[in-house]
Structure formats: structure tokens, C-alpha cells
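The values are calculated or read from the model by the stated rules, or taken from the named source; none is laboratory data. Treat the numbers as computed from the prediction; the structure is a model and nothing was measured. Here the Cβ positions follow ideal geometry from the backbone for every residue, glycine too, while neighbour counts run over all protein chains shown. Note: areas computed on protein heavy atoms with side chains; ligands, DNA, RNA excluded. Shrake-Rupley method; radii C 1.70, N 1.55, O 1.52, S 1.80 Å.
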Amino acid sequence: MGLYDRDYMSSDDQAGIGWSRGSTGGGGKGAGLNPLKIIIAINIAVFILQYGFNLFGELVRDANGPFFAPDGGVSRRSLFAEGKVWGVVTHMFVHGDLLHVAVNLLSIYFLGRMILQITGNSQFTKIYFLSGLAGLVFQLAIVPNPAGTPMVGASACAFGLLGALGAILPEQRIAALLFFVLPVRVRIGKLFQGIVLVTVVLLIVTLFTKVGDGVQLVGGTAHAAHLGGALGGWLYARFAGLGGSSLTREKL
């Protein structure tokens, strides 16, 4: 049976990203704890501790703090030279405000449950954290950040889940909200390509825009991390052969 012969792969299904009605379930393959639920619970718990109880807020940028968030200044040296490697993971569970955490977790939930149903817990977990790591590497390597602004959030992980779906189900049509307003039906592969293109444009603008120039569209957003996460998820899915043949087995 081919990948697109399965009942949940029909192009007429209304798969869920964000605000669409989903035909997919959230349980995923395999037994055991659901990593999607655990990740969402940790993010919510950290957010409540930070903003509800005013805990850890000042420690986000502290290289010795429990929620150390890497940046382009002192924290980059702390991360790589001083061996404070927990920041590689902990920065994925810290968010700037309610809108930030809400958008990320909604995206992760609807994308993640599709990944879980197709690949199972183990592959979902690998895609999630490898995408977050790829986002971190891209952001620290590409974007100059002399001010040392911390990089926080799970956006790179969400972009990585979309990238993986773009590799696994490029022809699957989904319902999504364009600009969070206009309902559209689009193939996941085309959606992924469009988001990557927009992200590249925003990244280029970021690299050639000085801080304080008033370009609100790019200010304060880690576009390099988004790009790294998206490419990380896509590449992992292709090399793992999750969408069919592996890149390592295809003829060039």
C-alpha cells in the first residue's frame, strides 16, 4: 500500500493546521507517553512560572540560570566556550509574551498531531528537537547580535514540523488561515515553499536593517531560526525516508 493510498492521506481530507478541522487523530503510533502533550505542558508550566508567579524572569538571559536563552553576545560564548549546553534545549521552552506562546503552541499542536499519526512518538521527538537545534545554529551563525538579545521560543520547532510535513505529504491539501484572516486550502508542499520564501526575504531585510530603523515587520523576530528549523525538519524527513524514498537512496 502506498503512502497516499492510506485513508488519512486523501487529498480531500481536511487536515488540521491551526484553525482547520482535523481528520487526523492525536494519539500517534506506538505506546507510551505522548511527547506532544508533554512538550505543550512544559511550555505552559514554564510560562505560568515566569509570568504568573514572576519566577525565572530575570534568569532568562543569565548564563547560569535554569532557562538560559542563547544570544549573539555573552551567551554565545557561554554556550560554546564554557560548556553551558543546557541552553540548547531550555531556550525552546521560554516565550516572550502570551501571544508568542499561544501562536507557537497552537501551531505545534496541530502540526504535531499530524506528524504523530504518520511517524509515531520517536520520529516526532527527533524532528521537534533537531529542528529547534537547527534554528539555534542558524540564528547564532547568521545574524549579528552585538546587543546580546536573547533568543527564546519554540518557533523553530513549529517551522520544523511544517518542514517535515512538507517532505512527507507535499500534495496533501489543508485548510489554513492566510495572514490569520483569509481561509484557504493549499497543498502542504506549496505552503512550506511559500513560508520559506517569505522567511528568506524577511531574513535578508533583517540583515540589512539597523536596529531602530522602525521596520516593524522584522523587528524582534528570529527569522534565521525559523529558516533553520524549517530546513532542519524537511531535511530530516527526507533523509529518514519518511515521505517515501530517502535522499540518500535517490539517484542524482
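Taking interchain pairs and intrachain pairs at least six residues apart, which have beta carbon atoms under 8 angstrom, with the first residue in the stretch 43-56 and closer than 21 Å to ALA158 by Cα and touching a residue at least 24 places away in the same chain (Cβ under 8 Å) and the second open to solvent by less than 80 Å² (accessible area, probe 1.4 Å) and polar (S, T, N, Q)?
Taking only residues 6 or more apart or on different chains, the pairs are ASN43/ASN104.
Does PHE56 qualify as being open to solvent by 30 Å² or more (accessible area, probe 1.4 Å), aromatic (Phe, Trp, Tyr), in contact with a helix residue (DSSP H, G or I) (Cβ under 8 Å, 6 or more places away or on another chain) and modelled with pLDDT of 80 or more?
no
How many of the residues making up the stretch 115-133 are of a type in the set (A, V, I, L, M) and buried (at least 20 other Cβ atoms within 10 Å of the Cβ)?
4
Sort through PHE138, PHE124, PHE129, PHE159 and tell me the only one that's assigned to a helix (DSSP H, G or I), modelled with pLDDT of 95 or more and closer than 30 Å to PHE208 by Cβ. If you could, list the steps in order and put the result at the bottom.
Working: PHE138 fails: modelled with pLDDT of 95 or more; PHE124 fails: closer than 30 Å to PHE208 by Cβ; PHE129 fails: closer than 30 Å to PHE208 by Cβ.
That would be PHE159, the only listed residue that is assigned to a helix (DSSP H, G or I), modelled with pLDDT of 95 or more and closer than 30 Å to PHE208 by Cβ.
Filter the stretch 193-218 down to the residues that are open to solvent by less than 50 Å² (accessible area, probe 1.4 Å), at pLDDT below 90 and of a type outside the set (A, V, I, L, M) and list them by number.
Across the stretch 193-218, the qualifying residues are THR206, THR209.
Could you please tell me which pairs satisfy a Cβ distance under 7 Å, a separation of 6+ or placement on different chains, a first residue in the stretch 163-181 that is open to solvent by 50 Å² or more (accessible area, probe 1.4 Å), and a second residue that is in a loop (DSSP other than H, G, I, E, B) and at pLDDT below 80?
Once the first residue is open to solvent by 50 Å² or more (accessible area, probe 1.4 Å) and sits in the stretch 163-181, its partners that are in a loop (DSSP other than H, G, I, E, B) and at pLDDT below 80 give GLU171/SER11; ARG173/SER11; LEU177/GLY18; LEU177/TRP19.
Among the listed residues ALA175, ALA225, identify the single one that is among the hydrophobic types (A, V, I, L, M, F, W, C) and modelled with pLDDT of 90 or more. So that I can check it myself, show each step before the final result.
Numbers: ALA175 fails: modelled with pLDDT of 90 or more.
ALA225 is the lone residue from the list that is among the hydrophobic types (A, V, I, L, M, F, W, C) and modelled with pLDDT of 90 or more.
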